[in-house]
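To keep things clear, I will list the structure first and then write my remarks on it.
The values are calculated or read from the model by the stated rules, or taken from the named source; none is laboratory data. In this text, all values refer to a predicted model and were calculated from it rather than measured experimentally. Note: ideal-geometry Cβ built from the backbone for every residue, glycine included; neighbour counts use all protein chains shown. Surface accessibility is based on the protein's heavy atoms, side chains included, excluding ligands, DNA and RNA. Shrake-Rupley method; radii C 1.70, N 1.55, O 1.52, S 1.80 Å.
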Amino acid sequence: MSSAQSTSSPSPGTLWGVGLGPGDSELMTVKAARVIGSAEVVAYHCARHGRSIARGVAEPYLRPGQIEERLMYPVTTEAADHPGGYRGALDDFYTDSAELLASHLRAGRDVALLAEGDPLFFSSYMHMHKRLAAEFPTEIIPGVTSVSAASAAIEVPLVEAEETLTVVPGTLPVPRMRELFAHADAFAVIKLGRTFTGVREALRAAGRLDEAWYVERASTTAQKVAPVAEVDPAQVPYFSMVVVPGRMNNPRAGAPDPPRAEVVVVGLGPGADDWTTPQVERELATATDLVGYKTYLARVSPRPGQRIHASDNRVEAERAEFALDLAARGARVVVVSSGDPGVFAMASAVSEVAAEPRWADVPVRVVPGMTAANAVAAAVGAPLGHDFAVISLSDRLKPWEVIADRIRRAVTADLVIAIYNPGSRSRTWQVSALKDILTESVSADRVLVLGRDVGGDEQSLTVTTVGDFDPAVVDMRTLIIIGSSATRVVRRGGGDLVYTPRSHPGH
């Protein structure tokens, strides 16, 4: 055996993310207490004054001889002298703190990093986890969140049945909070302190102020509960929150308004769920009855109790009359269209039938949606960047001669043209007739875009020209955009773009 002694590095320690719960030491899990007591290193964040709420919660479980690492924030407000500002100062702090903990972990020491509430719920622990988890073993011990503790403090269920809960940071801009508050079933607002005035303003603007509770230092001996409207903003600490339970149980909310009997015509957008607007989603959620073409209704997930009335695509007038009759008998009816309901869809059909005297007292509203022309245009750039016309190729409700004349006039006016409803199983010749008109009227290099099922699972996009246009590839799910003489295709490394300049050549 050589005189040189072989050495090996110790096995790395484990980083424990320990959820302490909302503040009461007795609300900590048994596992959290055990890990805190057994870890060689206990770390916790604190403000510049050096005191740590986390350490105070964990103190009953600490033992003599443990190494304590105090991770002191360099700033507590967004004013900072750091060259990178507040965010730069915090990034450097998190990097330095992670390296400090890494030195213990590399030496084989387990580190229990304390986190108020839950380690992965708006906690400082996550910043250490993202920096250390790739190198060291980690384990996270979940904790009771402040939201749960606040709910217990007011003794009101937050959500029931299909109600949803939204958690909102009070640091958001007031207009964004107002929007969230107005449309949420139940919500909790964290990160108060100096943000409280803005939160209260947003609650008032959203009409939810009277429904809101203020909870300070939930679960601790210093806990306070009060109506938000009665709280002095100057006395609000960071460790407080606003809670608004759902209206099914909230005694401050009052009785909900009964559903209004009406017909609401909505557009789901052209295909992607993300393109259905929040307003349309709210209308769908509060309807008693959903009426529409079966293919479009298949895109909607009805809630329990909603009645679904699906029909064929060629009975628009009958569908409109059926919806109006339901509303006349007290139902809140949503008529579902694809795209935008006012573009070759159900809004005009419902309006036409509703104009009859017998439906004069039935309220009718139209809620817009993204239309297919906008979706296809956005997918390739901005071909609708200047004046454009929208024409349906379907001759089911108007003569082909009228369609052909309108196409020729739009071409003569040098408009970009978006073509809807180009073909179907029963209409197979119109697209070829469209190509004949274009071949007679414009040059073969005129830009032409084909967008099929844009936003859907079978999306395809083709940028071609009138000369190379093959009518055989077009079906009912395809939208055609015919460029003007100014429309251009730019081939570029960052992605090709099709656009029509905003300015006219003669200007």
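Observations
- Extents of the stretch 262-335, largest first, come to 33, 26, 19 Å (Cα atoms, principal axes, whole angstrom).
- Alpha carbon centroid spacing (whole Å) that separates the stretch 436-507 from the stretch 184-259: 53 Å
- Residue 68 paired with residue 412, simple spin-label distance in nm, labels 7 Å along Cα-to-beta-carbon: 8.9 nm
- For residue 366, the residues whose modelled amide H falls within less than 5 Å of its own, excluding neighbours fewer than 5 places apart on the same chain, are 265.
- Dipole of the chain, positive direction: furthest Cα of 137, 320, 259, with charges on the beta-carbon: 137
- Across the stretch 147-244, the relative contact order, built from alpha-carbon pairs under 8 Å that are at least six residues apart, equals 32 percent.
- Under 13 Å from the Cα of residue 31 - aspartates and glutamates, other chains or at least 8 residues apart: 139
- When only Cα pairs below 8 angstrom with a gap of at least 6 residues are kept, the chain shows a relative contact order of 10 percent.
- Surface composition of the stretch 87-197: carbon and sulfur atoms hold 52% of the protein heavy-atom accessible area at a 1.4 Å probe.
- Summing Lys and Arg as +1 and Asp and Glu as -1 over all other residues whose Cβ lies under 14 Å from the Cβ of residue 467 gives a net charge of -3.
- Partner lysines for residue 435 [C-alpha distance under 25 Å; skip if fewer than 8 residues away on the same chain]: 398
- Extension gain (nm, one decimal) between residue 130 and residue 286, 0.36 nm per residue minus Cα-Cα: 52.1 nm
- Three-way shape call for the stretch 67-192 based on the alpha-carbon gyration tensor, with the a/c threshold at 1.5: oblate
- Rounded if a/c under 1.5, otherwise prolate or oblate - the stretch 147-244, Cα gyration tensor axes: oblate
- Area accessible to solvent at residue 504, 1.4 Å probe radius, in Å²: 110 Å²
- Shape call, the stretch 15-143: gyration tensor on alpha carbons, a/c limit 1.5: prolate
- To put it simply, the accessible area of the stretch 372-499 at a 1.4 Å probe is 48 percent carbon and sulfur.
- Counting DSSP beta bridges with both ends in the stretch 15-143, the antiparallel % (nearest 5): 5 percent
- Bridging of residue 224 to lysines at a Cα separation below 18 Å is possible for 191, once same-chain residues fewer than 8 apart are set aside.
- Backbone amide hydrogens, once placed in the peptide plane, bring residue 477 within less than 5 Å of nothing, excluding anything fewer than 5 places away on its chain.
- A 1.4 Å probe run over the protein chains yields, for the chain, 50 Å² of accessible area per residue, whole-number rounding.
- Reported to the nearest whole Å, the Cα centre-to-centre distance from the stretch 27-59 to the stretch 130-171 is 18.
- For the stretch 322-341 and the stretch 82-111, distance of Cα centres in Å: 58 Å
- Candidate values (1) 3, 14, 17, 17, 16, 15, 11, 5, 1, 0, 0; (2) 4, 16, 21, 18, 14, 11, 8, 5, 3, 1, 0; (3) 4, 18, 26, 25, 18, 7, 1, 0, label of the one derived for P(r) over Cα pairs in 10 Å bins from 0, in percent: (1)
- Neighbours of residue 333 by Cβ distance under 12 Å: Lys/Arg scored +1, Asp/Glu scored -1, total +1.
- Summed residue charge, Cβ within 9 Å of residue 16's Cβ, Lys/Arg positive, Asp/Glu negative: -2
- Over the stretch 372-499, the Kirkwood radius and the radius of gyration, each from Cα atoms, give a ratio Rg/Rh of 0.94.
- Entry note, the chain: the mean residue ellipticity at 222 nm calculated from DSSP H runs of n ≥ 4, each adding -39500 (n - 2.57), is -8500 deg cm²/dmol after division by the residues and rounding to the nearest 500.
- Derived scalar couplings ³J(HN,Hα) [the stretch 356-373; Karplus, 6.51 cos²θ - 1.76 cosθ + 1.60; whole Hz; x for Gly, Pro]: 5, x, 5, 9, 4, 9, 8, x, 10, 10, 10, 10, x, x, 5, 9, 4, 4
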